1. How high is the FRET efficiency between D410 and L536 when r is their beta carbon distance and R₀ equals 56 Å, given to the nearest 0.05?
2. Amide H to amide H, which residues 5 or more places from Q541 or on other chains are under 5 Å from it, using H placed in the peptide plane?
3. FRET efficiency for E395 and Q278, Cβ-Cβ distance as r, R0 = 51 Å, nearest 0.05?
4. As a test of the formula, what do you get for the chain when each DSSP H run with n ≥ 4 contributes -39,500 (n - 2.57) and the sum is divided by the residue count, at 222 nm and rounded to the nearest 500 deg cm²/dmol?
5. How big is the dipole moment of the chain about its Cα centre under a simple scheme where the beta carbon of each Lys and Arg is +1, that of each Asp and Glu is -1, and everything else is neutral? Debye, nearest 20, please.
6. How big is the dipole moment of segment 561-678 about its Cα centre under a simple scheme where the beta carbon of each Lys and Arg is +1, that of each Asp and Glu is -1, and everything else is neutral? Debye, nearest 20, please.
7. When only Cα pairs under 8 Å and 6 or more residues apart are kept, what is the percent relative contact order across the chain?
8. Each label point is 7 Å from the Cα along the Cα-to-Cβ direction; what then is the distance between the points at R294 and Q270, in nm?
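Just so it is clear, none of the values below were taken in a lab; they were calculated from the coordinates. Since the model is a prediction, treat every value here as computed from it, not as a measurement. Because the Cβ atoms are built from the backbone with ideal geometry, glycine has one as well, and the counts that use them run over all protein chains shown.
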Amino acid sequence: MSAGAAVDPAGSPGADASHADFATLFDFLPIGAYRSLPDGTQLRANPALVRLNGYRSEAELLAAVHDIGREWYVEPDRRAEFCARMERDGHVTGFVSEIWRHGSRERIWISENAHVVRDAAGRLLFYEGTVEEITDRVQAQAALRRSEEELRLLTAQLPGVLYRLLVTPSGQRRYTFVSEGVRELCGVTPQQVMDDPELPLRLVHPEDVPVVADHLSSPEAARRPIDAVFRIVAADGRVKWVQMSSSAASVDERGTLRVGVMVDISERKQAEALIWQQANFDALTGLPNRRMLRDRLEQAIRQCRRDGSRLAVLFVDLDHFKQVNDTVGHAKGDLLLVEAARRIVGCVREVDTVARFGGDEFTVVLGGLRDTLRAGEIAQHIVQALGQAYDLAGETAFVSASVGITLHPDDAHDIEDLLKYADQALYVAKDAGRNRVSHFTPELQQAAVTRSRLAKDLRAALAEGQLHLAYQPIVALGSGAVHKAEALLRWRHPVRGPVPPGDFIPIAESTGLIVDIGDWVFREAVRQVQAWRARLCPDFQLSVNKSPVQFVNGGGRHDWIALLRQAGLPGQCVVLEITESLLLDAASGVSEQLLALRDAGIGVSLDDFGTGYSSMAYLQHYDIDHLKIDQRFVRHLGPGSKELALCKAIIVMAHELGMTVIAEGVETAAQRDLLAAAGCDYGQGYLFARPMAPADFEAWLAARPPA
Ligand SMILES: Nc1nc2c(ncn2[C@@H]2O[C@H](COP(=O)(O)OP(=O)(O)OP(=O)(O)O)[C@@H](O)[C@H]2O)c(=O)[nH]1
């Protein structure tokens, strides 16, 4: 474009009709068209170009414009560039520049197409071209760029990756925005992803490709929302868990525009894995815990149903493990548990489950059993393995184990029953002396039901006055005098009648009821001894049994010594009968409690002597007043018998240690005479009398010849 009007724009006078046609086109073109000289002189401008420049007529424009190069382009260099290209190429296409709207000096954007027009001799005549105003387009693009930049800045600090993805109707994918977070998450740049839309797919962990591929399967799939969790392998090789959520933001003829976000959830996954591990496995031994055991057992039962095989559940419990803790300490106790777990695992196949059920109890599930005898063999093997010496950080310890076995489907079908029955079988193994294997039988279940009913009834028995004491005399063998008796607990069940003590006392002990019952027994005995001291003999003495359970937690709820004091009775009026097993328990403060009894003058009698551990060290260590020789020795007494030799030895030893001796279960005069001859102080048994109600006791005593 340039000033001046030297050249007739339509050509020489007499131009033909085709020129006139061109002139029409020129005038009505919706975009600007011009002719100018390389020096910037404007020759012609069509009405559209006149308007573009803010003039009313071509003449006005041509008169106003002098040098298009200097007057038009905002960047003066643009004209030089334009001319250089025209000279070099003979044309320019889509040449975009910012210019001044000539008439108003307003800045606008244009796009030019132009070419050089030469004469037949090749001499340059003029430039000819079109000008289209594209200000709106350029501004829209600039606005878009600005908003993209804003988006980039805004999202640069966000954890994870934000992206915009165009999926064309033919399924082609193009990322139109990827946030900076992709560097941190995937180790690639946003530009790399935008240049190579397949790159993100190549980062998906090979095993998780199906998770993602499903969403790419079709253009329809591209419109569905995605919420997927999968792994990626970042550019540096690190595997990360990511969660990707994306949905279609718009759908038009260009395709589906999706917006999405992908965040790193590796830490959450790790925490979940840890929580799962802690929820399902035992921290000490690493074995499945009770909860996981249930899952495994469920699976094993399903397998049995499918293939008709059987399974065995083994409850393995260490014997007297409490003593191990008490002797070597809890930390070494832990080492033993870990080693025990290892040994049990070593006894079974890899497909079997070994779980820690709790404390010192393990559960083994042997699946796919064809031969159920195998379960017993494995159980024996476990007992044997656990019975070997343990090296606990330099200290050697021994422990035995008991095992209860139950079978599916033979004994039970569901998990609850299987676990319950295995526990019942274990109870039997423990009861029979430990260090052994016991199988569940239906009778066990019956016995367990009876036990649980009795436990329920026993709670009511105390409140409802169903308990009472029977008294068995303890006779001085030398003189025949009776100044002592043992108070024995009896239960008359309203429906069952008398329940043997051997049936209900273990229940009272295992349920803790023995503490309340024991207190009642003591008070009742004190009341009785007070009465008999007044009526029968001023130094009458009653023995009362005290179970080891009553020594736990400081010895029960009531202070027996204070009770005696309140009754105005001396400690000497009662003797507490304890068992040897109590003395094994060094940790329960037994020693202190026994000392307190002695200080109060209450005698202590060691019951069933000779049947348990019978360690001489206990006799030396504790203050024991009386030894009761167990009836098993007395029953087989005969002249020259081993039992007689043992009784004699016990009597001599006890006397040497300052104790008196009472023989239990004396049933015949011969036994009485042998014991008396051996120096035994007292005898108790059916020969003299059975346990009796107080009135019967008094009548019996009254009927005896005086000592
Ligand atoms: N060292 C250690 N001891 C534990 C752990 N869990 C439980 N125990 C102890 O294990 C003992 C389990 O006692 P029980 O099974 O009731 O009794 P026991 O002494 O083994 O005797 P029986 O089972 O009747 O033969 C208790 O003394 C618990 O304190 C543990 O994680 N570590």
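1. With R0 = 56 Å, the Cβ-Cβ based efficiency is 0.40.
2. K484, A485
3. According to the calculation, E is roughly 0.95.
4. One gets -13000 deg cm²/dmol as the mean residue ellipticity at 222 nm.
5. 1580 debye
6. Dipole size: approximately 240 debye.
7. 6 percent
8. 3.1 nm
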